[in-house]
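What follows is calculated from the coordinates using simple rules that are stated; it is not laboratory data. All values derive from a computational prediction rather than experimental measurement. Every residue, glycine as well, gets a Cβ built from its backbone with ideal geometry; the counts of neighbours run over all protein chains shown.
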Amino acid sequence: MEVEIAPLAELPDGRGLRVEVNDERIALFRIGDSVHAIGDRCSHAEASLAEGEVFDGEVECPRHGSPFDLTTGEPGSLPATTAVPVYPTAVRDGIVYLTIEGES
């Protein structure tokens, strides 16, 4: 299922924004004209990844510092060892869309 999120211009550049779609917490990250979407809960301690700092294509968990790749969801170091979900995004006509797989 594809969901319209917001105009690209309304998303903060270089920072996270938490949204909820079908009871799923998702962290959106705008990097210039690109938008990445990953599960908002750190796989180690369930901290909000949308509150983390973004560096070189990764977001750092604000609780224990594990970095997560914004394109794969994979953690880059301990204490996290499990990837977070990644969601496809698209920007069309200046509007950001998010796809949740398996929903209708």
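H36 falls short of the stated requirement of being of a type outside the set (S, T, N, Q), touching a strand residue (DSSP E or B) at 6+ places or on another chain (Cβ under 9 Å) and not in a strand (DSSP E or B). Counting only residues that are among the polar types (S, T, N, Q) and closer than 25 Å to L8 by Cα, which one in segment 35-90 is surrounded by the fewest Cβ atoms within 10 Å (Cβ to Cβ)? So the residue we want is T71. All told, R18 meets the bar of being assigned to a strand (DSSP E or B) and surrounded by fewer than 15 Cβ atoms within 10 Å (Cβ to Cβ).
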